[in-house]
Amino acid sequence: TATRKAHNHYYAKTVRNAVRDLRATTEKAAAAEALPKVSSMLDKLAKRNVIHKNKAANLKSGLQVHVNGL
């Protein structure tokens with residue numbers, strides 16, 4: 001369980017950093033390029049039950065709104 005916890009924590013932290021970096025992006029081209037990668041990372045975490053599927057959906061929705069607003 002400790003190994004699995006460390007694995008999950010690493011990938012959850014990596015995605016949190018990716019989401020934070022995408023939200024900090026002010027250039028539309030760079031944000032549009034990064035959005036599919038971050039969305040894919042969120043989907044993979046949700047599929048593996050590291051985060052809840054609704055949390056992944058809410059994060060993806062908010063990121064899409066951010067990118068569209070640039």
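The values are calculated or read from the model by the stated rules, or taken from the named source; none is laboratory data. These numbers were taken from a predicted model, which means no experiment stands behind them. Positions of Cβ are generated from backbone atoms using ideal geometry, with glycine treated the same way; all protein chains shown enter the neighbour counts. Just so you know, the surface numbers come from the protein's heavy atoms only, side chains and all, with ligands and any DNA or RNA stripped out. Shrake-Rupley method; radii C 1.70, N 1.55, O 1.52, S 1.80 Å.
Remarks
- Looking only at residues of region 16-70 that are more than 11 Å from the chain's Cα centre (by Cα) and charged (D, E, K, R), we find that the one that is nearest to LYS5 (Cα to Cα) is ARG48.
Table: residues versus (1) touching a strand residue (DSSP E or B) at 6+ places or on another chain (Cβ under 8 Å); (2) aromatic (Phe, Trp, Tyr); (3) open to solvent by 100 Å² or more (accessible area, probe 1.4 Å); (4) touching a residue at least 24 places away in the same chain (Cβ under 8 Å).
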site	(1), (2), (3), (4)
LYS5	no, no, yes, no
LYS28	no, no, no, yes
ALA34	no, no, no, no
SER40	no, no, no, no
HIS52	no, no, yes, no
ALA56	no, no, no, no
LEU63	no, no, no, yes
VAL67	no, no, no, yes
LEU70	no, no, no, yes
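- Looking across region 7-16, the residues that are out of contact with any Leu (no Cβ under 9 Å at 6 or more places or on another chain) and either in contact (Cβ under 8 Å) with a residue 12 or more places away in the chain or under 16 Å from HIS66 (Cβ atoms) (or both) come down to THR14, ARG16.
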